[in-house]
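The values are calculated or read from the model by the stated rules, or taken from the named source; none is laboratory data. None of these values were measured; they are calculated from a predicted model. Cβ placement follows ideal geometry from the backbone for every residue including glycine, while neighbour counts extend to all protein chains displayed. Note: areas computed on protein heavy atoms with side chains; ligands, DNA, RNA excluded. Shrake-Rupley method; radii C 1.70, N 1.55, O 1.52, S 1.80 Å.
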Amino acid sequence: MTDPAAVTNPGPRPDDPLSPLGQKSRSAGARDRLRAASGRLRGGDLGLLPVLAGLVVIWVVMQILDPLFLSSANLTNLALESVPVGVIALGVVCVLLVGQIDLSVGSISGLGAAVLAVLFVDRRLPAWLAVAVALALAGLIGWLYAQVHNRIGVPSFVITLGGLLGFLGVQLWILGPKGSINLPFDSGLVTFAQLHFLPPWLAYTLVAAGAVVLYATGAARASERRRAGLAAASRRLLAGRSLALLAGLGAAVWYLNRDRGVGWMFVFFLALVLGLHYVLSRTAFGKSMYAVGGNLEAARRAGVNVKAVLTTAFVLCATLACVGGVLSAARLAAANQSSGGGDVNLNAIAAAVIGGTSLFGGRGTAFAALLGVLVIQSISSGLTLLNLDSAYRFMVTGGVLLLAVSLDAVARRSRVSHGRA
């Protein structure tokens, strides 16, 4: 016979946050998450931790060497100067994820700038139409790369190395004897890249909206996992993460507003990063990119259209390279024979790798481009403030790149030994 007292007072429940069992369950869940995170680190899944640590070290060292480094004026310039190469690096992330490489992103960016300048200034087409033609041409180049790779089997290294030389020649041919074309300073492109900044109220509104979206998407994903019987993050953890984002970005916006504020061009770059992050993490196509880069043959046998994935990756890379070239021309108010040249090509690839994208394919995120280009631009900005020769910048950047690739190789070996590869 059932005891009435037991019915009216059934005892502590594990899901009651005020009960001893509920508190014990929460503490056990926290310990499980810590153990899982520790296991991932030991297994070689380092994520963005190395580049974040490296960025902090670089900023601390540069600030000690020159107190102007972390001034609001310098950080505003650093953010704007990071955008063109950062957008190109975002495309490099796409091809690296599928286990390929594009060595011609610098030449494609210069070609895009040249096409824009000729059509906009010499042919007097509307700016939006000139940009559209340049992007269409870049997309066609990426499609041609994919066809040569998919149908003939030529390695992407060789294809894009030929593109690096060939499209540099096309760029010089398009610019003609003048060699340089200036963009009007009062054009929308130039003012967007140089003079347009968010009003403070709008910047804070976007920060608050980002924190709300982060919490909402995290809560929705946690609910899905609970319905599937899987472990999920607690609401307290999700709220803490959103509040941390709100506080961090709010402080950054407040500090940048002491100078000119947050540039629209940098916001555009962040929008591209978040868009690609969504595609890679929340869509079937994004998972297919990771699958192709991780094991192409296994992805093919699982039903993934490998050729379509590779084609899209090459098209995305070439198109984003062109976007970076257009933004660079707008930032400098000119397109010339050196557009896309110099160290643009290597810096874009280095930014993707330093940010955590694996050269072996199948690992990386869209945030790799953002963090990697901030590392490279921080080194460049700091050494410029110290009035050091560019030779030091090349040497330091090369050392950081070698360190990043070495960490990736060691982490990959660790993942293999732990069965996580």
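Quick notes on this structure:
- Meets criteria (under 18 Å from Pro50 (Cα atoms), in contact with a Phe, Trp or Tyr (Cβ under 7 Å, 6 or more places away or on another chain) and in a helix (DSSP H, G or I)) for Ser378: yes
- Checked across the range 286-301, the condition of being at pLDDT 95 or above and surrounded by fewer than 15 Cβ atoms within 10 Å (Cβ to Cβ) holds for no residue.
- Selection within the range 382-393 - surrounded by 20 or more Cβ atoms within 10 Å (Cβ to Cβ) and hydroxyl-bearing (Ser, Thr, Tyr): none
- Matching residues, the range 82-99, being under 9 Å from the mean Cα position of the chain (by Cα) and either surrounded by fewer than 24 Cβ atoms within 10 Å (Cβ to Cβ) or of a type in the set (A, V, I, L, M) (or both): Val87, Ala89, Leu90, Val93
- Here Phe367 clears all of (1) among the hydrophobic types (A, V, I, L, M, F, W, C); (2) open to solvent by less than 20 Å² (accessible area, probe 1.4 Å); (3) touching a His at 6+ places or on another chain (Cβ under 9 Å) except the condition numbered (2).
- Condition met for Leu137 (closer than 14 Å to Phe167 by Cβ and open to solvent by 50 Å² or more (accessible area, probe 1.4 Å)): yes
- Any hit, the range 289-305, residues being small (Gly, Ala, Ser), touching a residue at least 40 places away in the same chain (Cβ under 8 Å) and not in a helix (DSSP H, G or I): no
- Check on Gly361, open to solvent by less than 30 Å² (accessible area, probe 1.4 Å) and closer than 21 Å to His277 by Cα: yes
- Of the residues making up the range 228-262, those that are surrounded by 14 or more Cβ atoms within 10 Å (Cβ to Cβ), under 17 Å from Gly218 (Cβ atoms) and of a type in the set (A, V, I, L, M, F, W, C) are Ala232, Ala233, Leu237, Leu238, Ala239, Leu245, Leu246, Leu249.
- Filtered residue count, the range 330-358, keeping only those that are open to solvent by less than 20 Å² (accessible area, probe 1.4 Å), touching a strand residue (DSSP E or B) at 6+ places or on another chain (Cβ under 8 Å) and in a loop (DSSP other than H, G, I, E, B): 1
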